[in-house]
Amino acid sequence: MQDYPNSYYIDSLDRKLIHHPSLKDSYECDLCIIGGGFTGLSTAIEASKKGLKVILLEQNKVAWGASGRNGGQIGPDISNGVESLEKKYGFATVKSLWDISLDAVKLIDHRINEFEIQCDKKSGNLSAATNQAKIQDFENEINYFQRKLDYHSSKILSKDEVSKAVGTDRYFGGHLYHEGGHLHPLKYALGLADAALSLNVEIFEDSKVIKISEEKDYVEVFTSSGFVKAKNIALCCNAYLEEIDAGIKSKIMPIINYMIATKPLDEDLQKTILPSDYCVCDTNFDLNYYRLSYDKRMIFGGGVSYSLKHSEKLAKNTERRMMKVFPNLSDVKAEYIWGGYVGITVNRTPDIGQSSQKIFYAHGFSGHGVALTGIAGKIIANSIVSGEKGALETFEKIKHKNFPGGRLFRMPLLVTISALQKMTDIFNA
């Protein structure tokens, strides 16, 4: 088992950590969940509420992966634009996916209130245009939202409005989602774990799954020191699926993303840097995303590695990216730099479904995970308990291609594609 990585999130906790035991001996349950992040915890909460006996296995610590390290940004949308999905899958599917994404955002507030989770939640999510052409894209997008999806909770911001809201003149305008926002992801995840425990979910850490065996009436889940016999299992490992496959491994690709947190900004900088307190994500393929913490640190993410090798050079590059967006932060050094895996799909839409009658899964959230992992857990639990598979079937309509090149050639291919797209970002800026 690995301890939590050094990050601002772990150092800013205002609570004691709960240490869960490792799985020993044998157990039986209705649902065994593999993965202790947002998705697994959400599934556990929903399934336990519905009366199932639930066991959750985590190979490290609860929220050790992306759930405890991410940018904490919340926004509606199911992929990189729902409009493009309509041509392939029809309007009914797109409308259903959009409604699910809105429910996902609302579910966060519901759980924060229901379980009294203290996680520094703030409102406002801004997509910032890095070139003039993106403004037309925003206008087309908001027209589609209003005309076809009857969604009116976002608006276009002018260049001056974005400059005042963000504190930089780098952008050409923006698309503001009022219902979006941001939070402290590790505090939120640990609050979900507390909620799961209160609902009698059994959580085991340091319990890496090494084998799954699906039998006629049950599934056996083996760790090095015990096993669980379950009626159903839910694979909620995302980028950390590793040796577990169940026929879904090639549908996602883990990439490494980096984040930094500065020291708290001084009083003068606080007046000019993100006075709106929105979270921001720009429109480049190799994007930047950032927000202020509750104690007014800049938390800035950007810089991707497809090689899965942590690089000090790439980590430091994230700091340089921040200074390019905010030149007035050139003297505000990063106190924390950390990285972690993000799971993406080819079409950047989450892959949620069943690989067999007893095995459910959800992964590949592609940067939309803070909100969509929660609703994924609810979808899986509803499918298992009541057979309510409308939402699950909607996601299963989205066809996910295998990443090209196989395990051996996938990384070099994606590095090449990424380099070409970064050149497009530069020339369009």
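The values are calculated or read from the model by the stated rules, or taken from the named source; none is laboratory data. None of these values were measured; they are calculated from a predicted model. Neighbour counts run over all protein chains shown; Cβ positions are idealised from the backbone, glycine included.
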Please verify whether region 239-251 includes one or more residues that are in a strand (DSSP E or B) and more than 30 Å from residue 331 (Cβ to Cβ).
no
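Within region 11-27, work out how many residues are crowded, with 19+ Cβ neighbours inside 10 Å and either over 13 Å from residue 226 (Cβ atoms) or not hydrophobic (A, V, I, L, M, F, W, C) (or both).
Adding up the residues that qualify gives 1.
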Residue check, residue 102 against (1) within 17 Å of residue 289 (Cβ to Cβ); (2) in a helix (DSSP H, G or I); (3) touching a residue at least 40 places away in the same chain (Cβ under 8 Å), all met but one. Which one?
(1)
Residues of region 220-248 that turn out to be crowded, with 20+ Cβ neighbours inside 10 Å and either without any contact (Cβ under 8 Å) to a residue 60 or more places away in the chain or closer than 12 Å to residue 33 by Cα (or both), as a count:
9
For residue 388, the lone unmet condition from (1) more than 27 Å from residue 120 (Cβ to Cβ); (2) in a strand (DSSP E or B); (3) charged (D, E, K, R) is (2)
Would you confirm, using the coordinates I've provided, whether residue 116 is within 25 Å of the chain's Cα centre (by Cα), surrounded by fewer than 20 Cβ atoms within 10 Å (Cβ to Cβ) and not polar (S, T, N, Q)?
yes
Per-region count, region 232-255, residues touching a Lys or Arg at 6+ places or on another chain (Cβ under 7 Å) and closer than 22 Å to residue 28 by Cα
2
Tell me, please, whether a residue that is in contact with a helix residue (DSSP H, G or I) (Cβ under 7 Å, 6 or more places away or on another chain), at pLDDT below 95 and closer than 18 Å to residue 181 by Cα can be found in region 271-278.
no
If we scan region 57-74, do we find a residue that is closer than 29 Å to residue 293 by Cβ and more than 18 Å from the chain's Cα centre (by Cα)?
yes
Here are the criteria: (1) crowded, with 18+ Cβ neighbours inside 10 Å; (2) farther than 22 Å from residue 270 by Cβ; (3) touching an Asp or Glu at 6+ places or on another chain (Cβ under 9 Å). Tell me which single one residue 325 does not satisfy.
(2)
Answer with yes or no whether residue 323 is assigned to a helix (DSSP H, G or I) and more than 30 Å from residue 358 (Cβ to Cβ).
yes
Where residue 30 falls short, out of the listed (1) on the phi > 0 side of the Ramachandran plot; (2) of a type in the set (D, E, K, R); (3) crowded, with 16+ Cβ neighbours inside 10 Å
(1)
Per the list (1) modelled with pLDDT of 85 or more; (2) surrounded by fewer than 16 Cβ atoms within 10 Å (Cβ to Cβ), residue check on residue 281 breaks on (2)
Taking the stated definitions as given, is residue 366 part of a helix (DSSP H, G or I) and small (Gly, Ala, Ser)?
no
In region 254-263, is there at least one residue being part of a loop (DSSP other than H, G, I, E, B) and aliphatic (A, V, I, L, M)?
no
Can you give me the number of residues within region 24-83 that are modelled with pLDDT of 95 or more and part of a strand (DSSP E or B)?
15
Of these, 291, 297, which one is crowded, with 22+ Cβ neighbours inside 10 Å, farther than 30 Å from residue 360 by Cα and basic (Lys, Arg)?
291
Restricting to region 83-102, name every residue that is of a type in the set (A, V, I, L, M) and either touching a Pro at 6+ places or on another chain (Cβ under 7 Å) or within 17 Å of residue 143 (Cα to Cα) (or both).
85, 94, 102
Those residues that are over 23 Å from residue 69 (Cα atoms) and small (Gly, Ala, Ser), I need them from region 95-127; list them, please.
96
